Amino acid sequence: MLFDEAPEILIRETTTQFKIAPDTASLQRVSQSIASLHATRQASLQTQQRSLKNLSRRLNALQTQREYEESHHNAGAHASSILALDGEKFRTAKSAYDTEIETERLQSELSSTNAQIEQLEREGPEGGVRRGEEAEDEVVLKLCVLRGLGVEVESMGETGGWGRVVVRDIERGDVRVLGSDGARVAREDVWAAMG
């Protein structure tokens, strides 16, 4: 079959009538997406390979360390160490038990000693139960000692406190009277006046 026009022109016009420009643009976009996906997959693959190499190195180091520990492990020394620690534990437990028993014994001894001290304090320095007469003898003895120091005391009556107190200083020729107003005189005031 013969054509009036040259075949190149006929083919060119036929192809221009098909309007394949949008298809060509789509193919370019698809090829760009494939290229970017390929680059992303390559980067991810390289990251995974680096991570795998690091993990492999770490595994080798841990295996080497485990083999070293297994070769240098002495089971006999470990057993003897455990046995020695068990013995120490039992000795410590026995010592704690003995200490607890000794503490209980000392506490009972302390309570009995405290009871004896309370009994002796109730009996007083004379060694028996005080009677009213003996208590008066104690007051008389205190008054004699105070008079020997140059202090005369008058009792306030039933309260048993010190009423009027006269403090004489023989060396200086000084006389001080405390409680002349009838108020109770404290012992501290008397010692201060003697000083």
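The values are calculated or read from the model by the stated rules, or taken from the named source; none is laboratory data. Just so we're clear, the structure is a prediction, and the values are computed from it rather than from any experiment. All Cβ positions, even for glycine, are placed from backbone atoms using ideal geometry, and neighbour counts span all protein chains on display. Only protein heavy atoms, including side chains, enter the accessible area calculation; ligands, DNA and RNA are left aside. Shrake-Rupley method; radii C 1.70, N 1.55, O 1.52, S 1.80 Å.
Full extension of the chain between residue 9 and residue 102 yields a length gain of 21.1 nm, computed as 0.36 nm times the residue separation minus the alpha carbon distance.
Any chance you could run the full-extension gain for residue 117 through residue 65? It's 0.36 nm times the residue separation minus the Cα-Cα distance, nm to one decimal. Could you put the intermediate results ahead of the total?
Details: separation 52, 0.36 × 52 = 18.72 nm, distance 7.12 nm.
Gain on stretching residue 117 to residue 65: 11.6 nm.
Sequentially through region 96-103, phi angles give Karplus couplings (6.51, -1.76, 1.60; θ = phi - 60°) of 5, 5, 4, 5, 5, 5, 5, 5 Hz, Gly and Pro residues having no value and appearing as x. A simple spin-label model places the labels of residue 77 and residue 143 9.0 nm from each other, with each point 7 Å out along Cα-to-Cβ.
Taking all protein chains as they are arranged and a probe of 1.4 Å, the heavy atoms of residue 151 leave approximately 0 Å² accessible to solvent. Rounded, prolate or oblate: which fits region 3-60 when a ≥ b ≥ c are the square roots of the eigenvalues of the alpha-carbon gyration tensor, with rounded for a/c under 1.5 and prolate only if a/b beats b/c? Prolate is the answer for region 3-60, as a/c is 1.5 or above and a/b outweighs b/c.
Within region 1-130, the ratio Rg/Rh, alpha carbon atoms throughout and Rh by Kirkwood, equals 1.84.
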